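Taken together, the values in this text are just the output of simple stated rules run on the coordinates, not laboratory data. Quick caveat: nothing in here was measured; it's all calculated off a predicted structure. We place every Cβ from the backbone using ideal geometry, glycine too, and count neighbours over all the protein chains shown.
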Amino acid sequence: MRAIVQDVYGSTDVLRLDEIDRPVPGRGQVLLRVHAAGVDQGIWHLMAGMPYAIRAAGFGLRAPKQRVRGMDVAGRVESVGAGVTRFRPGDEVYGTCAGSFAEFACADEDELAPRPARLTPEQAAAVTVSARTALQALRLGRLEPGQRVLVIGAAGGVGTCALQLAKALGAAHITAVCSGPKADLARSLGADDVIDYTCEDPTDGVQRYDLVLDIAGNRPLTRLRRILTPRGSLVIVGGETDGRWTGGTQRQLWALLLSPFTRHRLRVLASAHRSEDLRTLGEFIESGALTPALDRTYPLAEVPQAIDRLRAGEAHGKIVIRVHPGPSIG
């Protein structure tokens, strides 16, 4: 099969399209014919091996243990391993797996769900990591109906899902932070106001929010706290820096240490893969409350260009890799 592989850590130059053996599903796994795969910041971190803490976490100290990148996936079940009871060959599914930038990939049964009938394979491949992260962040922030929400980094994969889910969960007023060219996208997904961070400072303290989701940037905690209501919640979802060792996680650690001593709830999201979240997201999708916002789709051979676009901050929504053409809808 064709796959995007890497043998060393580095920039997108280390990625190449190659012919490798088709994987064989183990116990509790299914073999997928991959229709589409999503691109997110985590893909870049695993490709680059940065920060170095990632390598120490078990992904390979000198070289990546997993040669094929990719996590979000939508595809068709080709065969099933021993013990699989939920799926059979021919089922259209979506979820996560290791190595979705390939024509075939193995996935754990518990990491998959039936593909929602409303979504194309490309849309389904845009959902899992980003929407699940957004859902868990809103839960961690204890969003309640009637609250005011600020989403920093609102035009990326996680942010576009967070806007829609916050609206569906009853947020009274949602403010999106993104660049000017992405403002219309944010408004179309539920934002009541949009702050162009290139012109305005969203942490100037003029407005206060019950919940702040910090998905992008690396703003100091002092500035983020001053825009919270007296008992507001801050959830740090990400924040890209050039830190080689910890990638700027000092801010996250400081938030965890400070939280017990302040009325503000300061939380750091450690996204978990829970199959029940896929079922919940499926309900939002089928009701029309959540529709993935796609930026561009690239063929498998152009994974490096897709990752470069993501890292350049040019994406308006989620970038997707189209592998095998799949059925359009249903």
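Local charge sum around GLY157 (other residues, Cβ-Cβ under 12 Å, Lys/Arg +1, Asp/Glu -1)?
Values: positive: ARG132, LYS318; negative: ASP40, ASP72, ASP295.
Every neighbour counted, the sum reads -1.
In degrees from 0 to 90, rounded to the nearest 10, what is the angle of the helix 275-287 Cα long axis to the longest principal axis of the chain?
Helix 275-287 sits at roughly 80 degrees to that axis.
Hey, can you rank 49-58, 292-301, 209-218 by average C-beta count inside 10 Å, highest first?
Working: 49-58: 15.1, 292-301: 18.6, 209-218: 23.9.
So the peptides 49-58, 292-301, 209-218, ranked by packing, come out 209-218, 292-301, 49-58.
Got the relative contact order for the chain handy, in percent, Cα pairs under 8 Å and 6 or more residues apart? Display every interim value, and only then the final one.
Working: 798 pairs, mean separation 68.3, N = 330.
Answer for the chain is 21 percent.
Counting other Cβ atoms within 10 Å of each Cβ, which trypsin sites (Lys or Arg not before Pro) in the range 197-233 have at most 14 and sit in a DSSP loop? Don't jump to the answer; show the numbers that get you there.
On the way: sites: ARG208, ARG223, ARG225, ARG226, ARG231; in loops: ARG208, ARG226.
Within the range 197-233, the qualifying trypsin sites (Lys or Arg not before Pro) (loop, at most 14 other Cβ atoms within 10 Å) are ARG208, ARG226.
Among GLY146, GLY159, GLY70, whose mean-square fluctuation peaks in a Gaussian network model of the chain (Cα, cutoff 10 Å)?
With Cα springs under 10 Å in the chain, the top fluctuation among GLY146, GLY159, GLY70 is at GLY146.
Counting only the backbone N, which residues of the range 142-167 are under 15 Å from the spot 7 Å out from the Cα of HIS173 toward its beta-carbon?
146-151
Suppose R0 equals 35 Å. What FRET efficiency, 1/(1 + (r/R0)^6) with r the Cβ-Cβ distance, do ALA63 and THR280 give to the nearest 0.05?
Working: r = 37 Å, r/R0 = 1.06.
After rounding to 0.05, the efficiency reads 0.40.
In debye to the nearest 20, how big a dipole does the chain give about its Cα centre with +1 on each Lys and Arg Cβ and -1 on each Asp and Glu Cβ? Walk me through the numbers on the way to the answer.
Details: 40 positive and 36 negative charges, 179 e Å.
Roughly 860 debye for the chain.
In a Gaussian network model over the chain where Cα atoms closer than 10 Å are linked, find which of VAL34, VAL151, VAL14 has the largest mean-square fluctuation.
Of VAL34, VAL151, VAL14, the Gaussian network model singles out VAL14 as fluctuating most.
Under 12 Å from a point placed 7 Å out from the Cα of ARG142 along the Cα-to-Cβ direction: which residues of the range 263-280 have their backbone N that close?
Only 263-267 pass the distance filter.
Please report, in whole Å³, the volume per residue of the convex hull around the C-alpha atoms of the range 24-168.
Details: hull volume 19.6 nm³, N = 145.
Each residue corresponds to 135 Å³ of Cα convex hull volume.
Please list, or write none, the lysines whose alpha carbon is within less than 21 Å of the alpha carbon of LYS318, excluding same-chain residues fewer than 8 places away.
LYS167, LYS182
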